[in-house]
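For reference, the structure discussed in these notes is given below.
The values are calculated or read from the model by the stated rules, or taken from the named source; none is laboratory data. Predicted, not measured: the structure shown is a model, and the values here were computed from it. Please note: Cβ atoms are built from the backbone with ideal geometry, for glycine as well, and neighbour counts cover all protein chains shown. Only protein heavy atoms, including side chains, enter the accessible area calculation; ligands, DNA and RNA are left aside. Shrake-Rupley method; radii C 1.70, N 1.55, O 1.52, S 1.80 Å.
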Amino acid sequence: MRYTADLAETAGIHTKAPKLPYLCTGEVDYPHPSHTTEYTINAHFDTKCRMAAPNVSTEGSLSRSRWYGWEQLKTAKGSKANTRSLRVVAPKGCTAGARYRYKGQARFYVSGPQGKGSAHVYNQNDSEITCTRH
């Protein structure tokens with residue numbers, strides 16, 4: 001399952017935020033063992049727009065739950081111009097058989113002549129996942 005949010009333009013307290021014409025969303029999937037790299041946990045951060053946006057960027061992080069709280073393991077960021085999509089991945093190597101709960105979170109940005117917008121999205125595993133080969 002993926003969590004999604006619209007990248008809506010921010011507005012003042014008493015005004016309604018207009019929708020940007022690019023109609024972009026930011027999505028974070030559940031952190032999961034990589035399907036391509038052995039002993040790696042991945043989190044994907046995807047921006048999808050209905051029309052090309054002048055500037056799209058994403059900053060995301062992968063964390064795991066420890067007894068003292070969330071430990072940030074990896075950060076990743078990326079940007080693209082004149083695009084309808086952007087994927088940023090935060091991969092982190094893990095020890096075979098290790099079991100943790102993981103959380104992926106990202107801030108998504110879009111901007112152009114019609115305005116700018118952003119959204120924060122996160123997704124986490126409710127139960128532990130095991131570090132596996134594939």
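Counting only residues that are open to solvent by 90 Å² or more (accessible area, probe 1.4 Å) and not hydrophobic (A, V, I, L, M, F, W, C), which one in the stretch 61-78 is nearest to Pro33 (Cα to Cα)?
Selected residue: Gln72.
Has the stretch 38-47 got any residue that is acidic (Asp, Glu) and either open to solvent by less than 30 Å² (accessible area, probe 1.4 Å) or at pLDDT 95 or above (or both)?
Yes: one or more hits.
Between residues in the stretch 117-134 that are open to solvent by 30 Å² or more (accessible area, probe 1.4 Å) and residues that are assigned to a loop (DSSP other than H, G, I, E, B) and among the aliphatic types (A, V, I, L, M), which pairs lie under 9 Å by C-beta distance while being six or more apart or on different chains?
Ser118/Leu7; Thr130/Ala96; Thr130/Ala98; Thr132/Ala96; Arg133/Ala96
Look through Ser63, Ser85 and report the one residue that is of a type outside the set (D, E, K, R), at pLDDT 95 or above and within 14 Å of Leu7 (Cβ to Cβ).
Result: Ser85 is the single residue among Ser63, Ser85 that is of a type outside the set (D, E, K, R), at pLDDT 95 or above and within 14 Å of Leu7 (Cβ to Cβ).
Of all residues in the stretch 84-106 being within 14 Å of Lys48 (Cα to Cα) and surrounded by fewer than 17 Cβ atoms within 10 Å (Cβ to Cβ), which is nearest to the chain's Cα centre (by Cα)?
The qualifying residue nearest to the chain's Cα centre (by Cα) is Arg87.
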